[in-house]
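See structure below.
No value in this document is a laboratory result; all are computed from the given coordinates. The structure displayed is predicted, hence computed values, not measured ones. Neighbour counts are summed over all protein chains in view; Cβ atoms, including those assigned to glycine, are modelled from backbone coordinates with ideal geometry.
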Amino acid sequence: MNDAALSLHARADAMEERKARELDYLVVKSHIHSLAEADFSAPPNAGAMLKANPNLRLLMGDDPRLPKMPDKPTLIDFFKLRFGPSAHLLQSARHAVKGGLSEKMVLACLLHDIAGVGFIRGDHGYWGAQLVEPYVDEEVTWAIRAHQVLRFYADPSVGYEYPQSYVTLFGADYEPDAYVAEDYKRMRNHKWYMSGRMITVHDIYSFDPNVHVELEEFTDIIGRNFKQPAEGLGFDNSPVAHMWRAMIRPAKYL
Ligand SMILES: [Fe+2]
Ligand SMILES: [Fe+2]
């Protein structure tokens, strides 16, 4: 980023902060969510620093701050080495097992928020669906995408109410974006509507902190329902390989 762009960026940040104070809302950065504690922004004076220290290099390989990934990483490797806390996903999946859902829907519950624990919050249902699309049944992808939208709409037929937490988090007057409302209309009439809806039913936020679920409980379900590429996630030349690589090396400079 050049100096002019940088100052624009800094000013935008200052404006954002001022706006946040005026409106009294909390800005949560959407990107690199799981690594939010680390500062991955490029040094503002990278050019000058490189001149002053010719041995200095920008990060293009493995990140020494993160655990090393195997050469051919599996979904389970991502859960263990890259994803943020996954208790919510594990508990949702167990809830789905107890609710008698099919194996593929248990997998959908297990994976429904992987974009959020992996690298991005905003539109995480759309991102998550895309991440797994080459490796799971089409219905699983569809349902993960749909949960993003269906979360905002009640369905009394299955006892799903608009989440009280959304009233607290977004305000009582919050209205979903127009594209969400449009998607809802399409999804409501889709043959897989109830599959997407089931994710929201098992998307539980009030869990018992004493209940501990291990990923190993789902090893077989993953094995039977997630087509792990032989080359490893990120290296199979699929249309989403770069997205998995972005989680392997989230701070890669270019
Ligand atoms: Fe979600
Ligand atoms: Fe969730």
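In which sequence would I222, I76 go, from the one with the fewest C-beta neighbours within 10 Å to the one with the most? It would help to have the intermediate numbers written out before the result.
On the way: I222 19, I76 16.
If I rank by nearby Cβ atoms, fewest first, I get I76, I222.
Can you put L59, L75 in order, fewest other beta carbons within 10 Å first? All intermediate terms of the calculation are to be shown ahead of the outcome.
Numbers: L59 15, L75 24.
Starting with the residue having the fewest Cβ neighbours, the order is L59, L75.
Report the gain in length on full extension from N189 to A46: 0.36 nm times residue separation, minus Cα-Cα distance, nm rounded to one decimal.
That works out to 46.2 nm of additional length.
Please go through the residue pairs K185/K227; K80/K191; K51/K252 and name each one whose alpha carbons sit more than 28 Å apart in this structure. List each step's numbers first, then the result.
On the way: K185/K227 31 Å; K80/K191 35 Å; K51/K252 21 Å.
Pairs exceeding the cut-off: K185/K227; K80/K191.
By count of other Cβ within 10 Å, fewest leading, how are T74, T141 ordered?
The fewest-first ordering by Cβ neighbours comes to T74, T141.
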